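Here the structure is laid out as structure tokens; the discussion comes afterwards.
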Amino acid sequence: MATVEGRVSHAPMTAEEKKVIFASSLGTVFEWYDFYLAGSLAIYISKTFFSGVNPTAGFIFTLLGFAAGFAVRPFGAIVFGRLGDMVGRNKYTFLVTIVIMGLSTFLIGFLPGYATIGIAAPIIFIAMRLLQGLALGDEYGGAATYVAEHAPSNKRGAWTAWIQTTATLGLFISLVVLLAVRTIVGKEQFSAWAWRIPFLVSILLLAVSVWIRMKLHESPVFERIKAEGKTSKAPLKEAFSKWKN
């Protein structure tokens, strides 16, 4: 997604501007939390969904499933970035991507294992990972674009820097939740079924994220472009076929 030149400001950040940064960052933190769970819980996932092969192969397949989410991120950026450039950053793309991420994560928590549904278990798991990767592909860049389009041109680096912290925070929160659940239920229960709880918690994070983002509005830059009839008609063509872009 592309931005255009904005205003220069030396005034303190307003409450509305703080809300934009907080809401954008919080939603992205939640998405990274969802995304990292599969890596942190790989050993339990492999035993549940890939038990049809030997443990070493199952663990490798689980890690490949985790990697698949990263592999499709560029495609998510292309698909949803195009949508954001044409119809809007927040009202459409932000809500769509966070719902895809939240529901995909939540469903993994309910997904029956290989012993119950056979080969369908790893296939559905990989499909959920691909959906998560597509959602995250737009979320990261889309959040940075949304914040940048609210920021004065002399503060875009400082404001969008908050978005860059979200991956680390998402990983940290996921590890804290895993440790808390394991401590509360015990090692045996965690290994048997409670490792699914962090996935199920994502439905609460999804509700919070959607509630917060429903309160946001489109960026003033995009609204001005839309009002002037200057929104992109072919974002991908303009991005990749014009040398200046």
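Go through region 29-130 and tell me which helices (runs of 4 or more DSSP H), entirely inside it, have 2 or more residues that are crowded, with 20+ Cβ neighbours inside 10 Å.
In region 29-130, the matching helices (runs of 4 or more DSSP H) lie at 42-49, 55-71, 73-87, 95-110.
Could you identify the single residue in 239, 234 that is of a type in the set (A, V, I, L, M), within 16 Å of residue 81 (Cα to Cα) and in contact (Cβ under 8 Å) with a residue 40 or more places away in the chain?
Exactly one of 239, 234 is of a type in the set (A, V, I, L, M), within 16 Å of residue 81 (Cα to Cα) and in contact (Cβ under 8 Å) with a residue 40 or more places away in the chain, namely 239.
Check 136, 171 and return the single one that is under 30 Å from residue 233 (Cα atoms) and in contact with a Phe, Trp or Tyr (Cβ under 7 Å, 6 or more places away or on another chain).
The match here is 136.
For region 207-221, state whether one or more residues are surrounded by 12 or more Cβ atoms within 10 Å (Cβ to Cβ) and free of Cβ contacts under 8 Å to residues at least 40 places away in the same chain.
No: region 207-221 contains no residue that is surrounded by 12 or more Cβ atoms within 10 Å (Cβ to Cβ) and free of Cβ contacts under 8 Å to residues at least 40 places away in the same chain.
Quick check on this structure: which one of 31, 16 is at pLDDT below 90 and over 14 Å from the mean Cα position of the chain (by Cα)?
Selected residue: 16, the only one of 31, 16 that is at pLDDT below 90 and over 14 Å from the mean Cα position of the chain (by Cα).
Scan region 131-161 residue by residue and report those that are surrounded by fewer than 17 Cβ atoms within 10 Å (Cβ to Cβ) and in a helix (DSSP H, G or I).
Scanning region 131-161 gives 157, 158, 161.
The values are calculated or read from the model by the stated rules, or taken from the named source; none is laboratory data. Please read all numbers here as calculations on a predicted model, not as lab measurements. Virtual Cβ from ideal backbone geometry, glycine too; neighbours counted across all protein chains shown.
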